[in-house]
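Structure first, commentary second.
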């Protein structure tokens with residue numbers, strides 16, 4: 001738990017304070033003073049009697065009792081200072097901005113661990129080391145700029161990088177964004193992004209706490225904690241967006257299954273964010289635009305009216321919205337004709353609503369009123385209004401501000417003339433408003449926010465399965481791949497519909513199995529991963545002689561341990577699989593099957609467990625979904641049966657964390673059913 005003295009300290013000591021404001025210890029003290037910190041402020045500098053007008057203590061032992069200590073001294077001296085503060089000065093809050101700890105060397109890591117030991121012993125809280133600090137409405141304990149406008153209803157921002165936090169603030173402040181708090185966690189020696197989010201969740205008060213949280217994350221060390229508290233906050237009415245840095249993976253990973261080749265840690269992050277309801281962003285501008293959308297009334301639909309006096313931006317916005325799956329509906333009829341009579345000749349009301357460069361503030365007000373009150377086919381408005389500099393437009397922005405107060409539908413202002421109409425834009429922002437200077441960025445942010453899924457249900461309904469049989473198979477299995485017999489038993493216990501099959505080790509048994517299953521049959525090698533590549537799959541075996549001949553050939557293929565026979569089935573090849581991702585749990589994937597899973601790389605992913613509804617959503621997200629529906633006279637597949645197989649697979653791997661990789665490839669789908677034809681399961685205990 002975060003100690004309250006970190007958030008609202010009655011006294012702060014800056015250890016390593018300086019008169020030189022170009023040093024971190026000097027700048028952090030200046031920011032505290034400029035921020036009008038109202039508590040008792042102490043400083044310590046071994047070589048100064050006074051620092052920035054405040055008496056300086058030259059020995060840590062002489063310092064009075066203090067709630068929060070900000071430490072800006074060499075790493076090697078920090079543990080002793082922390083020891084004295086924790087054991088003798090009652091200090092419970094610590095911000096260490098000094099570097100030279102675990103990010104630098106093993107010796108630094110040892111110093112860091114000793115500091116954490118001292119702070120843990122008194123139930124204190126440490127931010128850092130190697131961070132830039134924190135700030136909220138109570139204190140600006142940070143040595144960087146800019147300092148944003150701080151407002152209890154502004155944004156809570158947590159960053160794994162101090163410098164990146166500065167750049168993100170630089171992007172948001174000119175748009176008019178305000179912040180409730182900013183935390184930079186540095187090395188996260190004791191608390192990180194996850195713990196701060198947990199604190200915000202556990203202390204959340206409706207109507208008082210900020211409803212917008214932004215995260216810049218470099219490492220997710222506790223994904224379960226992040227999932228739990230992010231989804232909890234969103235269920236309480238908050239909105240969360242995050243950047244996870246390090247999305248690309250250098251080089252390829254060796255994998256023994258199709259799922260292993262496709263899955264990645266970044267895919268796990270993506271799945272985690274979707275499950276939590278976090279909107280994932282990939283850059284500073286995108287993060288700030290999404291935050292700005294969050295701070296407007298929530299969209300209740302995706303039908304947007306574009307109100308503009310300039311054609312070009314409206315066209316670009318229309319394209320951006322359409323690409324994101326939003327709608328810009330055609331407006332026509334009696335109400336539209338009536339509105340047109342209030343505008344100058346040459347205006348257009350069909351959407352975009354273009355009221356020309358000569359359009360007035362009064363006309364803008366009329367358009368907004370018509371759209372808000374008399375056009376149920378519209379869910380929200382974007383108003384684009386700038387100026388070439390021929391006249392001032394204070395009246396337009398004042399009217400826009402007033403209409404935003406009364407409109408029942410969200411209004412998003414695009415004020416592009418940030419230089420030419422600088423005074424007017426600043427006046428608009430001073431009223432607590434937010435500006436989207438670029439209409440395309442707004443369009444993309446609107447689409448991203450609207451299309452992001454809500455958090456998964458807190459309590460999931462899982463399918464009925466023979467749990468006792470499942471656990472018995474797994475508990476008695478050794479590391480490595482399950483035998484075909486055990487795979488069959490596991491699928492049956494999970495009630496995943498599969499094809500009849502037989503595993504044989506002799507030519508005589510191959511013929512008997514083929515006769516029992518009924519010709520034609522499929523023969524496959526057991527052992528090699530890529531069966532087709534090594535000639536290990538034969539279709540449409542119709543006679544005893546052919547079964548005998550193919551067995552003799554296939555059993556000689558490298559790594560083959562036996563031969564699998566199945567009845568010859570037809571249908572569209574599908575795929576479902578799972579892979580254990582370190583710390584994240586089991587990730588489930590689905591898509592087109594056979595060779596297409598690797599060639600097309602068209603798949604959806606989610607973290608297990610989940611309900612059947614989410615399995616259906618995974619199917620609908622596939623680019624190849626039209627094929628599954630049935631296209632150009634070809635029959636589709638039973639989507640409910642496909643979803644059932646994915647749903648049961650997710651429940652199975654949730655019950656058996658020992659499953660490291662699992663493939664159902666292919667599943668054969670027809671309009672009537674979906675059947676697992678081949679399965680591969682690797683155990684790692």
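Some notes on this structure:
- Qualifying residue in region 36-55 (condition: in a helix (DSSP H, G or I) and either at negative phi or surrounded by fewer than 18 Cβ atoms within 10 Å (Cβ to Cβ) (or both)): no
- Flag for residue 440 being without any contact (Cβ under 8 Å) to a residue 40 or more places away in the chain, part of a helix (DSSP H, G or I), closer than 30 Å to residue 382 by Cβ and assigned by TED's automatic domain parsing to the domain that holds residue 319: no
- Criterion violated by residue 226 - all others in (1) free of Cβ contacts under 8 Å to residues at least 40 places away in the same chain; (2) within 15 Å of the chain's Cα centre (by Cα) satisfied: (1)
- A single member of 469, 502 is under 28 Å from residue 561 (Cβ atoms), at pLDDT 95 or above and in contact with a helix residue (DSSP H, G or I) (Cβ under 6 Å, 6 or more places away or on another chain), and it is 469.
- Any chance residue 503 is part of a helix (DSSP H, G or I), touching a strand residue (DSSP E or B) at 6+ places or on another chain (Cβ under 6 Å) and either in contact (Cβ under 8 Å) with a residue 60 or more places away in the chain or not assigned by TED's automatic domain parsing to the domain that holds residue 664 (or both): no
- So residue 561, is it in contact with a strand residue (DSSP E or B) (Cβ under 6 Å, 6 or more places away or on another chain) and modelled with pLDDT of 90 or more: yes
- In region 104-127, the residue that is surrounded by the fewest Cβ atoms within 10 Å (Cβ to Cβ) out of those that are in a loop (DSSP other than H, G, I, E, B) and touching a helix residue (DSSP H, G or I) at 6+ places or on another chain (Cβ under 9 Å) is 122.
- Hits in region 507-519 - residues which are exposed (fewer than 15 other Cβ atoms within 10 Å of the Cβ) and either in a helix (DSSP H, G or I) or at pLDDT 95 or above (or both): 508, 515, 516
- From the options 429, 491, residue that is in a helix (DSSP H, G or I), over 30 Å from residue 548 (Cα atoms) and either modelled with pLDDT of 95 or more or out of contact with any strand residue (DSSP E or B) (no Cβ under 8 Å at 6 or more places or on another chain) (or both): 429
- Note on region 141-253: enclosed helices (runs of 4 or more DSSP H) holding 1 or more residues that are closer than 22 Å to residue 607 by Cβ are 193-202, 223-235.
- Region 580-594, subset in a loop (DSSP other than H, G, I, E, B) and at negative phi, residue surrounded by the most Cβ atoms within 10 Å (Cβ to Cβ): 593
- Evaluation of residue 649 against the conditions (1) part of a strand (DSSP E or B); (2) within 26 Å of residue 459 (Cα to Cα) shows that the sole unmet condition is (1).
- Single residue of 100, 90 found to be outside any helix (DSSP H, G or I), out of contact with any strand residue (DSSP E or B) (no Cβ under 9 Å at 6 or more places or on another chain) and within 14 Å of residue 121 (Cα to Cα): 90
- Out of 597, 627, sole residue that is part of a helix (DSSP H, G or I), in contact (Cβ under 8 Å) with a residue 12 or more places away in the chain and in contact with a helix residue (DSSP H, G or I) (Cβ under 6 Å, 6 or more places away or on another chain): 597
- Among the residues listed as 332, 338, the single one being part of a helix (DSSP H, G or I) and surrounded by fewer than 20 Cβ atoms within 10 Å (Cβ to Cβ): 338
- Note on region 9-28: among residues that are touching a strand residue (DSSP E or B) at 6+ places or on another chain (Cβ under 8 Å) and part of a loop (DSSP other than H, G, I, E, B), the one that is farthest from residue 68 (Cα to Cα) is 19.
- Residue 31 at pLDDT 95 or above, surrounded by 15 or more Cβ atoms within 10 Å (Cβ to Cβ), in the same structural domain as residue 101 (by TED's automatic domain parsing) and part of a helix (DSSP H, G or I): yes
One line per residue, one yes/no per condition, for (1) at pLDDT 95 or above; (2) under 27 Å from residue 220 (Cβ atoms); (3) assigned by TED's automatic domain parsing to the domain that holds residue 14:
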position: 121; (1), (2), (3): yes, no, yes
position: 136; (1), (2), (3): yes, yes, no
position: 151; (1), (2), (3): no, no, no
position: 156; (1), (2), (3): yes, yes, no
position: 170; (1), (2), (3): yes, yes, no
position: 174; (1), (2), (3): yes, no, no
position: 191; (1), (2), (3): yes, yes, no
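- Number of positions in region 565-579 that are surrounded by 24 or more Cβ atoms within 10 Å (Cβ to Cβ) and either more than 19 Å from residue 620 (Cβ to Cβ) or without any contact (Cβ under 8 Å) to a residue 24 or more places away in the chain (or both): 3
- Scope region 342-371; condition in a helix (DSSP H, G or I) and surrounded by fewer than 18 Cβ atoms within 10 Å (Cβ to Cβ); matching residues: 361, 362, 365, 366, 369
- For region 532-564, filtering for residues that are over 14 Å from residue 505 (Cα atoms) and surrounded by 19 or more Cβ atoms within 10 Å (Cβ to Cβ) leaves 3.
- Taking the criterion of being modelled with pLDDT of 95 or more and crowded, with 19+ Cβ neighbours inside 10 Å, the residues of region 449-466 that qualify are 449, 450.
The values are calculated or read from the model by the stated rules, or taken from the named source; none is laboratory data. This is a predicted model, so every value here is computed, not measured. Cβ coordinates were reconstructed from backbone atoms using ideal geometry, including for glycine residues, and neighbour counts include every protein chain displayed.
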